[in-house]
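Heads up: the structure comes next, in structure tokens.
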Amino acid sequence: MKRILITGDAGYIGSVLLPLLLKENFKVTVFDSLLYGGSSLLPYISNNNFSFIKGDIRDKGLLAKAVKNKDIIIHLAAIVGLPACNKDKDLAYSTNVQGTRNVVNCLSPNQYLIHASTVSNYGASPGNTCDEKTPLRPVSYYGKTKTEAGKIVMEIKLILSCNKMKLENLTAFPDLEKPADETTWNVLGVGKAI
Ligand SMILES: NC(=O)c1ccc[n+]([C@@H]2O[C@H](COP(=O)([O-])OP(=O)(O)OC[C@H]3O[C@@H](n4cnc5c(N)ncnc54)[C@H](O)[C@@H]3O)[C@@H](O)[C@H]2O)c1
């Protein structure tokens, strides 16, 4: 049974991803500072395949302990969106950039990392369309920190022979009326590739 660590899983994306992974019998540990509370995790506390660590990805020691012995790390923890990042730029940078570096630095060569990127990395692209080859020109501070985080993830290959994947075009809309498998098809697609 694959052991998965998800950072930032108490947030929006995590709230739809977690039940899907538990349904597939993955053993899931959630690592989250509960910046916005943890109510989405409550239905799973009695699930034997679920465990929770209240922690901050800027706490290198605690993070390293959590990453150890996991097969897959799904890195969602971030300060998300322009308003939240502009409100506290130091927090946004230390979480989105330094926090991502901490995650990467904890990895062993046999571990998989799934990093949640964002379309905000592209900024305003000519013609309003973009693909993997479109240059990254982030406009917002959110996009800038996520672009820097993405570059850190892409450097892994140079440091370790570590397996990595990056979701570039992930955009999810908080339409909670939708069934979870419709909302998160792109996240699941990567899970299946593993
Ligand atoms: N929601 C979207 O449409 C969307 C689109 C593209 C990319 N993403 C990316 O997906 C990821 C998750 O997005 P979301 O919408 O679920 O965000 P969210 O704000 O709903 O959740 C973020 C979670 O991260 C946690 N967190 C924040 N700082 C932390 C820290 N220092 N240590 C540990 N946990 C911390 C928060 O407590 C929260 O539970 C982010 O990396 C985001 O950039 C989201």
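Some values worked out for this structure:
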{"item": "Set LYS68/LYS133; LYS23/LYS146; LYS2/LYS65; LYS2/LYS89; LYS60/LYS89; LYS23/LYS70 screened for pairs whose C-alpha atoms are more than 26 Å apart", "result": "LYS68/LYS133; LYS23/LYS146; LYS2/LYS89"}
{"item": "Solution diffusion estimate, µm²/s, Stokes-Einstein, the range 1-110, Kirkwood Rh from C-alpha pairs, 4 °C, viscosity 1.567 mPa s", "result": "91"}
{"item": "Förster radius 30 Å - calculated FRET efficiency between ASP88 and ASN48, Cβ distance, rounded to 0.05", "result": "0.20"}
{"item": "Pairwise FRET efficiency - MET1 versus LYS60, Cβ, R0 = 22 Å, nearest 0.05", "result": "0.20"}
{"item": "Footprinting exposure proxy for LEU136, LEU76 (fewest neighbouring C-beta atoms within 10 Å first)", "result": "LEU136, LEU76"}
{"item": "Proxy reagent accessibility, fewest Cβ within 10 Å first, across GLU155, GLU148", "result": "GLU155, GLU148"}
{"item": "Charge tally in the Cβ shell below 9 Å around GLY99, where Lys, Arg are +1 and Asp, Glu are -1, GLY99 excluded", "result": "+1"}
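Just so you know, all these numbers are worked out from the coordinates, no wet-lab data involved. This structure is a prediction, so every number in the text was calculated from the model and none was measured. Reconstructed Cβ throughout: ideal geometry from the backbone, glycine too, with neighbour counts over all protein chains shown.
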